[in-house]
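For reference, the structure is listed below as structure tokens.
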């Protein structure tokens, strides 16, 4: 086995190339990272949202990009869920006349006595926030509205943001596009 | 090109087009609401409305505010208690503050974390429920004991004392704990037990109150079932009362009442969140009167319950009763103590 001897000139040339490539990679990486960091999307702060209903009608999309989401960690799994039932339900069952949601977008399923799980049927949800109001007024506020980024066009001038009475809309990083509520006892 | 008084036809057409465009623009500005000021335009079926429940028949309100509210100075207050001498104890931001009934400060006890509940025994000892343990101070605010910490799920929300028994409500573990005065855990009360016919507590949010009645039974709120249950000190469930209803005679929402106190005659004063109402029930649980409703407690003369989620969630007002049978209400939104006296 023979070991090829490198000339000093070749060694310096290879070293220079290596250094240049490394620098290029670092610059490209930093640029890509910065660009990614700079990408912003619209989201609404659930702690400012007053569930006024404007999200349902001011979006440029025919079906709003805002939908109700559910923070299960906060939910009380109540039998009498005020986000699911009308304020004065005749019965605590899934009869349409007892349901708060006008489009029937919340599904109630039995877990164990007396607990029930509530899930959002997204295609049916129009983002009116009626359930959010019911949940926030009496419950833990585990139902809340969010801009769904699989639907949102990320307009420069979001028409819902312009119509939001509580200034709940803001630009957030595309890396963390959702503002999820969390449970907490102090 | 035809000229009419020096103006070409094309110039007239352009002028007309501009005029029509301006007209359309003006109409659009007037008709289309880009600021949301005209509301969502949704049908009433899409609007959550319990405004009719906010208004309470004035004939049912038997109490009026009898003094100027006491400002606790807390940013976040949790509980109040009152001792046999009329000293008021308010628990809030890492402290317990003492007040005379006039509102004069009598000092404070500083704590390492936020207290959640408080009671004072007949001998003047102060029992403070922290998130997962109990602290004991004497009447001179001297620290006497720190009881062992419970598990990390524990959220202590109420504490009551009678002679050598101290009862602590743990909302996180959905159980009532019975201690002796040395902090020794004697028993657990109210856990689901089919053999003893005990359904268990349903506590969706961290409000879980208890008190000891003169009949020698422990009264515990089961908020998810909208009732107040009576237990012996040995943990037998004796009876309960309470119904769900957004109407005045019942307890509203998912989980109410959040707090209660017992008057000298055995009546119960209850506080609800959501529809913030303080009401009186007789010893058998029959509705008898309103102390104050949303219009008196949340925003005067406005039929609003709450506007932002933080306020909605803060509606768990605590209660105490003084030796004149006046009702003290800790307003956890404004962090003041309001006093209501019976006038009818």
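Conditions tested, residue by residue: (1) over 21 Å from the mean Cα position of the chain (by Cα); (2) closer than 28 Å to residue B:280 by Cα; (3) surrounded by 20 or more Cβ atoms within 10 Å (Cβ to Cβ).
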site	(1), (2), (3)
B:57	yes, yes, no
B:66	no, yes, no
B:73	no, no, no
B:77	no, yes, yes
B:96	no, yes, yes
B:100	yes, yes, no
B:121	yes, yes, no
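Only one entry in B:94, B:76 is modelled with pLDDT under 95 and under 19 Å from residue B:113 (Cα atoms), namely B:76.
Taking residue A:139 as the residue in question, decide whether it is farther than 14 Å from residue A:66 by Cα and either away from every other protein chain (no Cβ under 11 Å) or touching a residue at least 40 places away in the same chain (Cβ under 8 Å) (or both).
Details: farther than 14 Å from residue A:66 by Cα: yes; either away from every other protein chain (no Cβ under 11 Å) or touching a residue at least 40 places away in the same chain (Cβ under 8 Å) (or both): yes.
Judged against the criteria, residue A:139 is a match.
Just one of the numbered conditions (1) more than 17 Å from residue B:202 (Cβ to Cβ); (2) facing chain B (nearest Cβ under 9 Å); (3) surrounded by fewer than 23 Cβ atoms within 10 Å (Cβ to Cβ) is not true of residue A:99: (2).
When A:125, A:78 are checked against the criterion of being within 24 Å of residue A:45 (Cβ to Cβ) and in contact (Cβ under 8 Å) with a residue 24 or more places away in the chain, a single residue qualifies: A:125.
Of all residues in segment B:44-58, those being without any contact (Cβ under 8 Å) to a residue 24 or more places away in the chain, under 15 Å from residue A:133 (Cα atoms) and more than 9 Å from chain A (Cβ to nearest Cβ) number 1. Residues that are facing chain B (nearest Cβ under 9 Å) and not in a loop (DSSP other than H, G, I, E, B) do not occur anywhere in segment A:116-124. Within segment A:108-117, one or more residues are within 19 Å of residue A:88 (Cα to Cα) and touching a strand residue (DSSP E or B) at 6+ places or on another chain (Cβ under 9 Å). Does residue B:229 fit the bill of being assigned by TED's automatic domain parsing to the domain that holds residue B:288 and outside any loop (DSSP other than H, G, I, E, B)? Yes; evaluated as a whole, the condition is true for this residue.
Where residues in segment A:55-66 are more than 10 Å from every other protein chain (Cβ to nearest Cβ) and touching a strand residue (DSSP E or B) at 6+ places or on another chain (Cβ under 7 Å), which of them is farthest from residue A:148 (Cα to Cα)? Steps first, please.
Our first condition is that a residue be more than 10 Å from every other protein chain (Cβ to nearest Cβ); within segment A:55-66, this holds for A:59-66.
Add one more test, that the residue is touching a strand residue (DSSP E or B) at 6+ places or on another chain (Cβ under 7 Å), and what stays is A:59, A:65-66.
Details: A:59: 12, A:65: 6, A:66: 6 Å.
Among those residues, the one meeting the criterion is A:59.
For residues that are exposed (fewer than 13 other Cβ atoms within 10 Å of the Cβ) and over 16 Å from residue A:66 (Cα atoms), scanning just segment A:145-182, find the one that is farthest from the other protein chains (Cβ to nearest Cβ). Checking each candidate, the answer is A:175. Within segment B:199-216, the set of residues being more than 14 Å from chain A (Cβ to nearest Cβ) and either in contact with a helix residue (DSSP H, G or I) (Cβ under 8 Å, 6 or more places away or on another chain) or surrounded by fewer than 17 Cβ atoms within 10 Å (Cβ to Cβ) (or both) comprises B:213, B:214, B:215, B:216.
The values are calculated or read from the model by the stated rules, or taken from the named source; none is laboratory data. What you are looking at is a predicted structure, and each value in this text was computed from that prediction instead of being measured. Counting neighbours? That spans all protein chains shown, and the Cβs are built from the backbone with ideal geometry, glycine included.
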